[in-house]
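Single-structure report; data block below.
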């Protein structure tokens with residue numbers, strides 16, 4: 001739970017809601033605080049923060065699931081968040 005407290009503090013200090021949304025999703029998934037529902041919680045947090053920040057919804061379609069999971073894998077294993085950021089921004093654009 002110390003990690004969740006650290007995540008909350010980082011979210012409070014970060015000015016950009018887009019950064020909060022993307023990093024909040026990634027870190028909540030990495031921390032994995034719950035026995036079940038971590039992915040759903042991380043996606044909810046990301047969508048909520050984008051909306052609060054004035055952005056459009058992020059829609060992750062079932063057809064994009066493999067790309068979504070690959071982008072998450074790149075961020076957690078490969079330590080490169082670029083593919084996840086790109087996927088997320090493309091998902092916002094596709095939601096128009």
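The values are calculated or read from the model by the stated rules, or taken from the named source; none is laboratory data. It should be emphasised that the depicted structure is a prediction, and the values quoted were computed from it without experimental measurement. Quick reminder, even Gly has a Cβ in these numbers, built from the backbone with ideal geometry, and neighbours come from all protein chains shown.
For every residue, the table says whether it meets (1) within 13 Å of the chain's Cα centre (by Cα); (2) part of a loop (DSSP other than H, G, I, E, B); (3) surrounded by fewer than 17 Cβ atoms within 10 Å (Cβ to Cβ); (4) free of Cβ contacts under 8 Å to residues at least 24 places away in the same chain.
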site: 5; (1), (2), (3), (4): no, no, yes, yes
site: 10; (1), (2), (3), (4): no, no, yes, yes
site: 36; (1), (2), (3), (4): no, yes, yes, yes
site: 43; (1), (2), (3), (4): yes, no, yes, yes
site: 57; (1), (2), (3), (4): yes, yes, yes, no
site: 64; (1), (2), (3), (4): no, no, yes, no
Check your understanding: Restricted to the stretch 12-23, and to residues that are over 17 Å from residue 77 (Cα atoms) and touching a helix residue (DSSP H, G or I) at 6+ places or on another chain (Cβ under 8 Å), which residue is surrounded by the most Cβ atoms within 10 Å (Cβ to Cβ)?
Key -> 21
Exercise for review: Test residue 53 against the criterion of being on the phi < 0 side of the Ramachandran plot and either surrounded by fewer than 12 Cβ atoms within 10 Å (Cβ to Cβ) or modelled with pLDDT of 90 or more (or both), and give yes or no.
Suggested key: yes
Practice item. Filter the stretch 12-34 down to residues that are in a helix (DSSP H, G or I) and under 14 Å from the mean Cα position of the chain (by Cα), then give me how many there are. Key: 15
Review point. Can you pull out the residues in the stretch 66-95 that are buried (at least 16 other Cβ atoms within 10 Å of the Cβ) and assigned to a loop (DSSP other than H, G, I, E, B)?
Key: 81
